Amino acid sequence: MSYSEYIDMFYDTQNKECPYRAFTFDIINSRNQSEYINNHEKFLNCVYSFYDVLKEEETLTNSTILLEDRFNIKAKTHYLLADVIDQNIYNPMTLGDMITYFVHNGSIKTERFLELFSNHLNKHEINFPFHFATGIYQTNEYKLGGILLYKGYMPQILEKIGKTNHSIISKDGYIFEEEQTL
């Protein structure tokens, strides 16, 4: 099934108590971003080292932010997508120029997450902007995905919302549309 078949479930879920939250970032116009194309390794290092920033934030706030269920250290270096059967097991999850981080809902304010991400882009001199969106979901278990909003549907739904709402983040800050619609 296509993620678009779960849009109604996404909107219904946003008004419920849910245990999980996803943040999705997608490079704007990546085909024309020569820095991204010519230095993909730099981009991946930034993406995967942000995980460590969130671990530091956990220590500072004495909280558990990240879902660590199956984070793979192998992901900190370049790998072929073909090597992985199910990208949904990774945190962060990368699909081409799109990244999704999965966290415990309520463990970090959206504004704080975006501030940390923007600062991290600046630190790594990532000079291109991203569309982004965030939303809550109900389960990490695929077998429940027909009745509960599943983590695997979130990246594409949020990618579409970020592009539609023009929420943008870069090393210089962010513009966030609270109301997220398609």
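Values quoted throughout were computed directly from the atomic coordinates according to the rules given, and no laboratory measurement underlies them. Every value quoted in this text rests on a predicted model; they were computed, and no experiment measured them. Every residue, glycine among them, receives a Cβ derived from its backbone with ideal geometry; neighbour counts consider all protein chains shown.
Taking Cα atoms of region 89-151, Rg/Rh with Kirkwood Rh, to two decimals? Before the final figure, lay out the partial values.
On the way: Rg = 13.8 Å, Rh = 13.6 Å.
Value, to two decimals: 1.02.
How many percent of the alpha carbon pairs in region 3-175 exceed a separation of 28 Å? Kindly include the intermediate steps, with their values, before the conclusion.
Numbers: 2605 of 14878 pairs.
More than 28 Å apart: 18 percent of the Cα pairs in region 3-175.
Between Asn45 and Asn32, with labels modelled 7 Å along Cα→Cβ, what's the label distance in nm to one decimal, could you check?
2.8 nm
For Tyr20, which sequence-distant residues (separation of 5 or more, or a different chain) have an amide H within less than 5 Å of its own amide H, given hydrogens modelled in the peptide plane?
Sorted by chain and number, the residues that satisfy this are Asn105, Tyr137.
How large is the dipole of region 3-175 about the Cα centre if only Lys and Arg carry +1 and Asp and Glu carry -1, each at its Cβ, rounded to the nearest 20 debye?
Working: 16 positive and 22 negative charges, 14 e Å.
Approximately 60 debye in magnitude.
Where in region 116-134 does the label zone of Thr110 land, with the point 7 angstrom along Cα→C-beta and an amide N cut-off under 14 Å?
What the label zone holds, given the 14 Å backbone N cut-off, is 132-134.
For Ser4 and Asp172 in the same chain, what is the full-extension length gain: residue separation times 0.36 nm, less their Cα-Cα distance, in nm? If you can, show how the numbers build up before the last one.
On the way: separation 168, 0.36 × 168 = 60.48 nm, distance 3.20 nm.
Extending this stretch completely gives an extra 57.3 nm.
Too long at a 23 Å Cα-Cα cut-off: which of Lys123/Lys160; Lys55/Lys143; Lys55/Lys151? Spell out each step's value before the answer.
On the way: Lys123/Lys160 27 Å; Lys55/Lys143 29 Å; Lys55/Lys151 21 Å.
Check vs 23 Å cut-off fails for Lys123/Lys160; Lys55/Lys143.
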